[in-house]
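Working notes for the structure below.
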Amino acid sequence: MSGEPIVTLIGHVGADPEIRYVASGTPVCNFSLAVTPRTLNRQTNQWENGATAWYRCTIWREHGEHVAETIQKGMRVIVTGRLTVRTYEHDGAERTALEVAVDEIGPTLRYATAHVTKTTNTNSQAHSQVQGQAGDDYDPWAAQANSPAGSAFDSLPPF
């Protein structure tokens, strides 16, 4: 849906991500993200927590499977995605939930370290059709160096 605000949130995962499969077999991963603002009280010189906002995060397909295998309860993560507001009824009362359709997610490295392992593409035929290269070995930076002037790679940053 167009017009949804793009947000970047930093918070803690509230529970281990849950992976489910819809009727078509497509995986979908869900988890809750707690975002608590901290401010410095200048009178006491102490950090104080504000009200915690909870966001329901959803990630589809292989990306969701990667998240379910990697992210755990309590991890501090950074999430970027499209923010939506959903209204529903629970026990006769109308409630509102903030949800994020996740585009990117990863652990924050302020208080932790991470080891990244590249996954192989299980859908290499579709990947090669989209990228014009051979599946898992596709390197967009090498392709940029070998591409003719005026190609789609001209808009990529040089770093």
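Listing for the model above:
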read-out	value
Residues in region 1-40 reached by a label modelled at Lys73 [backbone nitrogen below 20 Å; 7 Å Cα→Cβ]	11-20, 29-36
Length-normalised contact order for region 1-111 - Cα pairs under 8 Å, 6+ apart - percent	30 percent
Cα radius of gyration and Dmax for region 1-130 (Å)	17.4, 61
Label-point separation in nm, Ile19 to Thr87, each point 7 Å along Cα→Cβ	3.6 nm
Cα centroid separation, region 26-53 to region 1-21 (Å)	15 Å
Percentage relative contact order, region 68-118, counting C-alpha pairs under 8 Å, at least six apart	37 percent
Segments 22-31, 54-63 sorted - mean Cβ within 10 Å per residue, highest first	54-63, 22-31
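Here, each number is a calculation from the coordinates, and none is a lab measurement. The shown structure was predicted, so the numbers you read here are calculated from the model rather than taken from an experiment. FYI the Cβ positions are ideal-geometry reconstructions off the backbone, even for glycines, and counts take in every protein chain you see.
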